[in-house]
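Remarks on the structure that follows.
Derivation of every value follows stated rules applied to the coordinates shown; laboratory data play no part. The shown structure was predicted, so the numbers you read here are calculated from the model rather than taken from an experiment. All Cβ positions, even for glycine, are placed from backbone atoms using ideal geometry, and neighbour counts span all protein chains on display.
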Amino acid sequence: AQSVAQPEDQVNVAEGNPLTVKCTYSVSGNPYLFWYVQYPNRGLQFLLKYITGDNLVKGSYGFEAEFNKSQTSFHLKKPSALVSDSALYFCAVRDSRRDDKIIFGKGTRLHILP
Amino acid sequence: ETGVTQTPRHLVMGMTNKKSLKCEQHLGHNAMYWYKQSAKKPLELMFVYNFKEQTENNSVPSRFSPECPNSSHLFLHLHTLQPEDSALYLCASGPGQGTSGNTIYFGEGSWLTVV
């Protein structure tokens, strides 16, 4: 069965430091992977996705994610965190049985400390 | 502006009321979705529509009744809800079945409180 795991409920990072939000996946076939962000009292916003090609994917707000097939991971990264990056981050994978369905992880809350 | 508009943003209703949530997308998409987001629970997919046809009902209680009159509009009709139905209801749209690299886009959500 398709699934994504976000092993950390919360990540705390000092402003200006690099950040990583972890995600691992389990799919049959080629993975289509996504990251979304949810700011307080808002809906989910699309950040980036991996379909094929370069393992390093660049997205909005300076975020990037690294696809690692051998480790079945798709970690979200940013070189220098901003306080405004504090939000809830969701990793997701397309359901290989239904190309219109996306399966979401439980989310990781990112706190950037001033 | 996300291209997906939800109204109302906030709704308080009694358990015997009937109300509706509305969603409209301006992205030319063929699929629309309802998700439920409760505190401390994972995002729950409720319904999926492709080309106005319901293609997924994720065992949602019948007190939630979706309606998709066309590919741009989606409603969620609410009737005799329970307090545990209080949550953020998110609408999303996407290209739909038969497309690759399917990215779905969300509205800002409707906060529902059942009293």
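Of A:LYS58, A:LYS78, A:LYS69, the residue with the greatest mean-square motion in the GNM of chain A, using alpha carbon springs below 10 Å, is A:LYS69. Once you reduce the range B:52-102 and the range B:6-43 to the center of their Cα atoms, the two points are 8 Å from each other.
Calculated FRET efficiency, A:ASN68 to A:ARG97, Cβ-Cβ distance, R0 = 25 Å: about 0.60 to the nearest 0.05.
Taking beta carbons within 10 Å but only from partner chains, what does the mean come to for residues B:43-50? Mind showing how you got there, number by number?
Working: counts 11, 1, 5, 0, 0, 3, 1, 2.
Taking the mean over all residues of the peptide, I get 3.
The distance between label points at B:HIS10 and A:ASN17 comes to 3.6 nm (points 7 Å beyond Cα on the Cα→Cβ vector). As a proxy for reagent exposure, ranking B:ILE104, A:ILE112 by other Cβ atoms within 10 Å from fewest up yields A:ILE112, B:ILE104.
What is the magnitude of the charge dipole of the range B:1-54 about its Cα centre, with +1 placed on the Cβ of each Lys and Arg, -1 on the Cβ of each Asp and Glu, and no other charges, expressed in debye to the nearest 20? Walk me through the numbers before you get to the answer.
On the way: 8 positive and 4 negative charges, 64 e Å.
Using Cβ point charges on Lys, Arg, Asp and Glu, the range B:1-54 gives about 300 debye.
Using a simple spin-label model with pseudo-atoms 7 Å out from Cα toward Cβ, A:ASN41 and B:GLU67 lie 3.0 nm apart. Label sites at A:SER28 and B:LYS22, each approximated as a point 7 angstrom past Cα along Cα to Cβ, lie 4.3 nm apart.
Taking 4.7 Å between beta carbons as the limit, the unpaired Cys residues of the protein assembly as shown are B:CYS68. Measuring against 26 Å, Cα to Cα, the residue pairs A:LYS106/B:LYS52; A:LYS49/B:LYS41; A:LYS69/B:LYS36; A:LYS22/B:LYS22 contain A:LYS106/B:LYS52; A:LYS69/B:LYS36; A:LYS22/B:LYS22 as the ones spanning a longer distance.
How much FRET efficiency would the formula 1/(1 + (r/R0)^6) give for A:LYS58 and B:ASN57, where r is the Cβ-Cβ distance and R0 is 35 Å, rounded to 0.05? Computed FRET efficiency for A:LYS58 and B:ASN57: 0.40.
With 10 angstrom as the radius, rank B:HIS29, A:HIS111 by how many other C-beta atoms surround their C-beta, starting from the fewest. Provide the component values of the computation, followed by the final result.
On the way: B:HIS29 22, A:HIS111 14.
Listing B:HIS29, A:HIS111 from fewest to most nearby Cβ atoms yields A:HIS111, B:HIS29.
Order by neighbour count: B:HIS77, A:HIS75, fewest other Cβ atoms within 10 Å first, most last.
By the 10 Å Cβ count, ascending: B:HIS77, A:HIS75.
Relative to the current alpha-carbon distance between A:ARG109 and A:SER84, full extension at 0.36 nm per residue lengthens the span by 7.7 nm. Of B:ALA31, B:ALA39, B:ALA87, the residue with the greatest mean-square motion in the GNM of chain B, using alpha carbon springs below 10 Å, is B:ALA39.
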